[in-house]
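The values are calculated or read from the model by the stated rules, or taken from the named source; none is laboratory data. Every value quoted in this text rests on a predicted model; they were computed, and no experiment measured them. Methodologically, a virtual Cβ is constructed for each residue, glycine included, from the backbone with ideal geometry; neighbour enumeration extends over all protein chains shown.
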Amino acid sequence: MGKNNLIGGSIWDEYSQKVQDRMNAPRHMGEFTEDDAKKADAKLIVADFGAESCGDAVRLYWLVDEKTDTIKDAKFKSFGCGTAIASSDTMVDLCIGKKVDEAVKITNLDVEFAMRDNPETPAVPPQKMHCSVMAYDVIKQAAAQYKGISPEDFEDQIIVCECARVSLGTIKDVIRLNDLHTVEEITQYTKAGAFCKSCVKPGGHEKKDYYLVDILAETRAEMERERLKEMNKEDLAFEEMTMVKQLKAIESVLDAEVRAMLQSDGGDMEVIDIQKSAENIDVYIRYLGACSGCSSGSGATLYAIENILQEELSPRIRVMPV
Amino acid sequence: MKVYLDNNATTMLDPCAYELMLPFFKEHYGNPNSLHAFGSATHSALKEAMDKLYAGLNASDLDDIIITSCATESINWVFKSVYFDHILDKERNEVIISGVEHPAVSAAAMFLKQLGVKVIDLPVNSEGLSTAEDLKKVISDKTALVSVMWANNETGMIFPIKEMAEITHEFGALFHTDATQAVGKIKINLKDEGIDLASFSAHKFHGPKGVGGLFIKKGVKLTPLLHGGEHMGGRRSGTLNVPFIVAMGEALKIANSMLEFEDSHIRRLRDKLEDAILTLPDTTVVGNRQNRVPNTILASIKGVEGEAMLWDLNQNGIAASTGSACASEDLESNPIMEAIGAENDLAHTALRLSLSRFNTEAEIDYAIEQIKKATERLRSISSTYAYNPNQR
């Protein structure tokens with residue numbers, strides 16, 4: 001938090017002069033008709049993105065010279081706040097004169113940067129980056145329409161942070177490559193989560209399909225599983241381990257794959273004893289917290305724990321609740 | 001021209017209340033709880049201010065009106081203390097609130113939910129109101145507290161508080177009302193309404209910001225939110241802010257003396273503004289006029305996003321408000337519009353206009369002109385509205 005964030009203020013104070021000017025008098029607001037296209041000897045493209053029910057909707061008009069694939073002129077219409085209007089207007093500015101394949105490369109970051117009064121100061125507050133994303137998305141729609149392909153063809157990855165255009169694959173890669181443990185580290189490495197923060201965790205100002213906290217937890221769990229498998233490859237088979245090593249191996253698997261599941265329901269478990277016989281390795285466990293009175297402790301939960309330990313360590317393991 | 005139409009957010013301090021509070025900053029600064037003459041000088045003013053509050057709310061002398069910093073504090077006090085006094089280690093474990101409460105209530109209820117309390121939301125109808133029948137369907141012997149606002153902060157709709165309090169008492173629960181938007185706008189008679197607890201803030205009725213109160217009916221047990229002294233009979237510690245309390249008492253007295261003016265003059269101006277908005281095509285206003293506090297309009301102007309409208313109005317000197325997502329850090333649509341089941345595409349087009357007795361006819365005429373102008377400009381830009389300049 002800190003001193004500068006304790007007192008909320010008007011988000012309007014954080015708009016650049018360029019944003020304000022374009023909000024008050026957008027230069028490219030309007031529409032083109034088929035007649036306009038004929039007169040310009042160009043192909044008319046009309047692309048929509050968003051919906052009034054979502055709070056933002058933009059329509060982009062392009063007049064494209066089919067001989068050169070160049071956007072000769074463009075206009076927009078927008079249902080949205082002032083920054084949505086300003087972003088759309090700037091986006092149109094950036095499109096005019098470009099080839100369609102070049103226009104597709106315009107990102108929301110380019111739009112936001114173009115609206116800055118000086119290169120060091122953001123043009124809009126973090127929560128308004130969302131509005132420039134709309135401009136980015138509608139370009140993809142228009143280009144896809146012109147080329148007769150699907151807009152998804154421009155997106156070969158799932159975008160987690162729309163503000164910074166960071167994909168799921170990139171985030172997973174940086175976690176693995178740099179052994180990251182916190183969301184703050186992910187933000188430092190990728191800028192994901194640095195702007196509107198909606199992708200950090202549930203409950204932000206916009207609902208998301210993917211959140212950094214979940215991606216981090218899942219990737220860390222995957223890494224832990226891989227580490228365990230690797231350990232098992234190098235070490236002795238589970239059956240040949242000492243009881244201490246067996247206990248450690250069991251605890252590692254439980255930490256990586258079981259405990260979080262139990263703790264999310266207010267419960268937990270502990271290993272009491274390990275007893276070996278000719279056929280089985282019996283792992284005696286005791287449930288804790290909410291799990292101790294839970295009926296599935298001797299049913300579905302027990303089978304799930306047993307299956308995980310059998311799969312990860314040894315098919316001879318049996319789990320016995322006490 | 002500058003026109004302030006955001007009086008449900010906060011109001012201008014009444015000049016008379018302002019004048020009355022001034023001596024208590026420099027001349028009469030004694031702690032009213034002190035024994036010396038400096039203390040007694042402020043003590044008498046404090047007593048007079050409390051008399052005005054009791055008279056203004058029509059409370060019995062046997063009840064308590066505790067001074068707090070604002071309604072949010074009062075509301076939090078109610079919820080947290082109800083948990084300690086009436087839920088923890090008791091058989092009652094439910095709290096009922098309406099689906100359109102101010103976040104001070106809904107967030108306090110969510111806090112109790114984290115502690116294991118069951119929170120039940122009363123549904124609201126298309127006018128944004130919950131009825132006594134709705135309450136009957138969900139209340140039970142498990143209910144510890146029912147909290148329903150007296151008047152809604154966005155729509156201005158007035159809830160059937162008296163009937164709800166009666167039903168609540170039949171089930172042995174406590175009834176609290178967030179009266180923040182009702183005090184100073186409609187007649188308040190706490191002796192008659194059967195309310196156990198009522199919260200209010202001075203700055204909503206032309207008093208100062210940072211002072212409010214909690215009405216506690218005689219006999220209602222409530223653990224203090226603030227411990228540490230014997231102020232307010234030990235119910236709310238902290239040295240009393242005498243100038244603000246003096247101004248709050250005076251502001252309430254003046255507001256109550258102006259209720260008839262509010263219900264005639266302000267209502268007429270409000271209705272004039274509302275009628276003008278409704279002459280624009282594809283506009284709606286939430287809730288029946290007669291059952292609304294006289295100063296409030298929650299309009300929806302199709303094709304015009306709320307914050308964009310605020311921007312245009314602000315450029316032309318008019319202060320209004322919107323629950324629209326883009327105006328805040330939360331991009332979700334206006335929760336009131338959603339709760340009343342408004343079409344999704346209206347949820348981002350909400351515009352709240354709230355008047356006060358300081359608004360003039362000329363200001364309203366100017367606001368009408370500017371709203372029309374902004375609507376035309378923004379609809380001409382709008383990608384979702386087929387704007388027809390001939391359709392006026």
Review point. Which of the following residues is farther than 23 Å from A:Trp62 by Cα, within 11 Å of another protein chain (Cβ to nearest Cβ) and polar (S, T, N, Q): A:Ser10, A:Ser16?
Key: A:Ser10
Check your understanding: Somewhere in the stretch B:130-138, is a residue surrounded by fewer than 22 Cβ atoms within 10 Å (Cβ to Cβ), within 30 Å of B:Leu5 (Cβ to Cβ) and out of contact with any Pro (no Cβ under 8 Å at 6 or more places or on another chain)?
Key -> no
Practice item. Give the stretch B:293-308 a look and list any residue that's modelled with pLDDT of 95 or more and aliphatic (A, V, I, L, M), or say none. Key: B:Val293, B:Ile297
**Study point:** the stretch A:73-103, residues that are more than 14 Å from chain B (Cβ to nearest Cβ) and assigned to a helix (DSSP H, G or I)
**Key:** A:Thr90, A:Asp93, A:Leu94, A:Cys95, A:Val100, A:Asp101, A:Glu102, A:Ala103
Practice item. Can you work out which of the residues in the stretch B:290-316 that are touching an Asp or Glu at 6+ places or on another chain (Cβ under 7 Å) and closer than 18 Å to B:Val100 by Cα is farthest from the other protein chains (Cβ to nearest Cβ)? Key: B:Ile297
**Study point:** Tally of residues being farther than 20 Å from B:Cys70 by Cα, assigned to a strand (DSSP E or B) and aromatic (Phe, Trp, Tyr) across the stretch B:168-201
**Key:** 0
Revision key, fill the gap. Filter the stretch B:317-331 for residues that are within 11 Å of another protein chain (Cβ to nearest Cβ) and either in a helix (DSSP H, G or I) or at pLDDT 90 or above (or both); the one that is surrounded by the fewest Cβ atoms within 10 Å (Cβ to Cβ) is B:Ala327
**Study point:** Matching entry among A:Glu239, A:Glu206, A:Glu185, A:Glu230 (being closer than 30 Å to A:Leu288 by Cα and either of a type outside the set (S, T, N, Q) or touching a Phe, Trp or Tyr at 6+ places or on another chain (Cβ under 6 Å) (or both))
**Key:** A:Glu239
Check your understanding: Any residue at all in the stretch A:242-262 that is hydrophobic (A, V, I, L, M, F, W, C), at pLDDT 85 or above, over 13 Å from A:Leu309 (Cβ atoms) and assigned to a strand (DSSP E or B)?
Key -> no
Review point. Say we look at the stretch B:257-269 and pick out the residues that are within 24 Å of B:Leu57 (Cβ to Cβ) and either among the charged types (D, E, K, R) or in contact with a Gly (Cβ under 6 Å, 6 or more places away or on another chain) (or both); which of these is surrounded by the most Cβ atoms within 10 Å (Cβ to Cβ)?
Key: B:Glu262
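Yes or no, residue by residue, for (1) farther than 30 Å from A:Leu313 by Cβ; (2) touching a His at 6+ places or on another chain (Cβ under 9 Å):
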{"site": "A:Ser167", "(1), (2)": "yes, no"}
{"site": "A:Ser198", "(1), (2)": "yes, yes"}
{"site": "A:Arg227", "(1), (2)": "no, no"}
{"site": "A:Leu236", "(1), (2)": "no, no"}
{"site": "A:Thr242", "(1), (2)": "no, no"}
{"site": "A:Gln246", "(1), (2)": "no, no"}
{"site": "A:Glu251", "(1), (2)": "no, no"}
{"site": "A:Ala260", "(1), (2)": "no, no"}
**Study point:** Set B:Ala165, B:Ala255: member being assigned to a helix (DSSP H, G or I) and under 20 Å from B:Ile87 (Cα atoms)
**Key:** B:Ala165
Study note, to complete from the structure: For A:Ser16, the lone unmet condition from (1) small (Gly, Ala, Ser); (2) touching a Phe, Trp or Tyr at 6+ places or on another chain (Cβ under 6 Å); (3) over 21 Å from B:His348 (Cα atoms) is (2)
Point to revise | Selected residue (criterion: farthest from the chain's Cα centre (by Cα)) from residues of the stretch A:19-72 that are more than 13 Å from chain B (Cβ to nearest Cβ) and among the aromatic types (Phe, Trp, Tyr) | key: A:Phe32
Review point. Looking at the stretch A:266-277, is at least one residue over 33 Å from the mean Cα position of the chain (by Cα), of a type in the set (Ser, Thr, Tyr) and loosely packed, with under 15 Cβ neighbours inside 10 Å?
Key: yes
Review point. Across the stretch B:85-127, which residue is farthest from B:Leu197 (Cα to Cα) among those that are out of contact with any Phe, Trp or Tyr (no Cβ under 6 Å at 6 or more places or on another chain) and of a type in the set (Gly, Ala, Ser)?
Key: B:Ser126
Check your understanding: Condition test on A:Cys161, is it touching a Gly at 6+ places or on another chain (Cβ under 8 Å), hydrophobic (A, V, I, L, M, F, W, C) and either within 22 Å of B:Gly303 (Cα to Cα) or in contact (Cβ under 8 Å) with a residue 60 or more places away in the chain (or both)?
Key -> no
Practice item. Would you confirm whether any residue within the stretch A:27-39 is outside any loop (DSSP other than H, G, I, E, B), basic (Lys, Arg) and surrounded by 20 or more Cβ atoms within 10 Å (Cβ to Cβ)? Key: no
Practice item. Please determine, by comparing only the residues of the stretch A:92-127 that are touching an Asp or Glu at 6+ places or on another chain (Cβ under 8 Å) and of a type in the set (D, E, K, R), which one is surrounded by the fewest Cβ atoms within 10 Å (Cβ to Cβ). Key: A:Asp101
Point to revise | Residues within the stretch B:37-90 that are charged (D, E, K, R) and part of a helix (DSSP H, G or I), tallied | key: 7
**Study point:** From B:Ala165, B:Ala247, B:Ala144, B:Ala173, residue being at pLDDT 95 or above, under 24 Å from B:Ala45 (Cβ atoms) and more than 14 Å from the chain's Cα centre (by Cα)
**Key:** B:Ala247
Review point. Pairs, please: C-beta under 9 Å, at least 6 apart or cross-chain, first residue more than 13 Å from A:Asp255 (Cβ to Cβ) and modelled with pLDDT under 90 and in the stretch A:208-227, second among the hydroxyl-bearing types (Ser, Thr, Tyr) and surrounded by 16 or more Cβ atoms within 10 Å (Cβ to Cβ)?
Key: A:Lys208/A:Ser198
Review point. Across the stretch B:209-218, what is the number of residues that are surrounded by fewer than 24 Cβ atoms within 10 Å (Cβ to Cβ) and either small (Gly, Ala, Ser) or over 17 Å from B:Met232 (Cα atoms) (or both)?
Key: 2
Check your understanding: Are any residues in the stretch B:14-28 out of contact with any helix residue (DSSP H, G or I) (no Cβ under 7 Å at 6 or more places or on another chain) and part of a loop (DSSP other than H, G, I, E, B), and if so, which ones?
Key -> B:Leu22, B:Glu27
Review point. For the stretch B:358-381, which residues satisfy the criterion of being surrounded by fewer than 24 Cβ atoms within 10 Å (Cβ to Cβ) and either of a type in the set (Ser, Thr, Tyr) or assigned to a loop (DSSP other than H, G, I, E, B) (or both)?
Key: B:Phe358, B:Asn359, B:Thr360, B:Tyr366, B:Ser380
Check your understanding: Is it true that some residue in the stretch A:167-186 is in a helix (DSSP H, G or I), without any contact (Cβ under 8 Å) to a residue 40 or more places away in the chain, within 24 Å of A:Ala123 (Cα to Cα) and more than 13 Å from the chain's Cα centre (by Cα)?
Key -> yes
**Study point:** A:Ala144 assigned to a helix (DSSP H, G or I) and either away from chain B (no Cβ under 14 Å) or under 20 Å from A:Ile308 (Cα atoms) (or both)
**Key:** yes
